[in-house]
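Heads up, the thing below is written out as structure tokens.
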Amino acid sequence: MIKSGGQSMSAHVQTLGKPGFRWWRAAMWGAAAALLSIPAIAMQFTSEVDWSGSDFIVMGIMLGTAFGTFDLASRVSGSIPYRAAVGLAVIASFLLVWFNLAVGIIGSEANPANLMFGVVLIIALAGSILARFEASGMSRTMIVAAAVQAGIGVVALIGNMGAGKPSWPADIIVLTLMFTGMWLVSAWLFRLSAKTA
């Protein structure tokens with residue numbers, strides 16, 4: 001019998017059929033809809049929030065992808081560390097895209113150097129597929145994503161110094177440490193899931 005994250009496939013299918021699980025999924029997707037509605041509500045009270053239709057479409061796609069990925073991961077494994085690892089990786093991916101679209105990590109959002117962070121997302125996705133979403137392979141994938149994330153941060157700092165700017169931008173340092181840490185914690189959780197399988 002196929003096992004994933006310490007739970008047999010048949011047991012997992014039974015879990016999917018439980019009313020509590022269906023309620024949890026409904027709550028999760030309700031939260032996604034609520035998040036998407038926040039800017040629309042805010043626009044009624046302040047001019048500081050000014051989203052266009054395309055902004056809502058992009059955010060809808062991002063939220064749908066993030067919540068959909070976590071939803072699918074919940075079907076792959078019933079392991080709490082596995083689900084937490086996926087959740088953290090999804091949050092890291094979501095924030096990485098959001099920050100780059102909104103303000104940019106390296107300079108402004110228009111700076112093409114920010115496209116380098118797409119490599120991290122490609123590695124996370126491609127590595128997950130190659131690992132067949134098994135916990136041990138996912139752990140190694142997250143470690144590689146963390147290494148690439150840190151490498152891009154170092155390249156950005158060196159480029160900043162090379163441009164004649166003597167200061168080290170705090171935002172690049174803080175965000176590099178934050179994202180690298182998220183990938184590494186996700187790797188540890190996947191590792192923990194693999195050990196308990």
In segment 31-72, what residues are part of a helix (DSSP H, G or I), farther than 28 Å from Ile129 by Cβ and either open to solvent by 40 Å² or more (accessible area, probe 1.4 Å) or touching a helix residue (DSSP H, G or I) at 6+ places or on another chain (Cβ under 9 Å) (or both)?
Ala33, Ala34, Ser37, Ile38, Pro39, Ala40, Ile41, Gly53, Ser54, Asp55, Phe56
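Residues checked against (1) buried (at least 19 other Cβ atoms within 10 Å of the Cβ); (2) farther than 24 Å from Val58 by Cα; (3) not hydrophobic (A, V, I, L, M, F, W, C):
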{"position": "Ala102", "(1), (2), (3)": "no, no, no"}
{"position": "Gly118", "(1), (2), (3)": "no, no, yes"}
{"position": "Leu125", "(1), (2), (3)": "no, no, no"}
{"position": "Arg132", "(1), (2), (3)": "no, yes, yes"}
{"position": "Thr196", "(1), (2), (3)": "no, yes, yes"}
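When you go through Arg75, Arg83 one by one, which is the residue that is modelled with pLDDT of 85 or more, closer than 17 Å to Ala131 by Cα, open to solvent by 30 Å² or more (accessible area, probe 1.4 Å) and part of a helix (DSSP H, G or I)? Talk me through it step by step, then tell me what you get.
Values: Arg75 fails: modelled with pLDDT of 85 or more.
Result of the check over Arg75, Arg83: Arg83.
What's the total number of residues in segment 72-117 that are of a type outside the set (Phe, Trp, Tyr) and within 12 Å of the chain's Cα centre (by Cα)?
So in segment 72-117, the residues of a type outside the set (Phe, Trp, Tyr) come out as 72-81, 83-93, 95-97, 100-116.
Keeping just the survivors that are within 12 Å of the chain's Cα centre (by Cα) gives 84-93, 95-97.
Adding up the residues that qualify gives 13.
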If Leu63 satisfies every condition in (1) of a type in the set (A, V, I, L, M, F, W, C); (2) modelled with pLDDT of 85 or more; (3) over 25 Å from the mean Cα position of the chain (by Cα) but one, which is the exception?
(3)
Which one of Leu115, Leu101, Leu125 is farther than 21 Å from Asp171 by Cα and part of a helix (DSSP H, G or I)?
Leu125
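The values are calculated or read from the model by the stated rules, or taken from the named source; none is laboratory data. As the structure is a computational prediction, the values presented were derived from the model and not from experiment. As a convention, Cβ positions derive from the backbone with ideal geometry for all residues, glycine included, and neighbour counts pool all protein chains shown. What goes into the accessible areas is simple: the full protein's heavy atoms, side chains included, and nothing from ligands, DNA or RNA. Shrake-Rupley method; radii C 1.70, N 1.55, O 1.52, S 1.80 Å.
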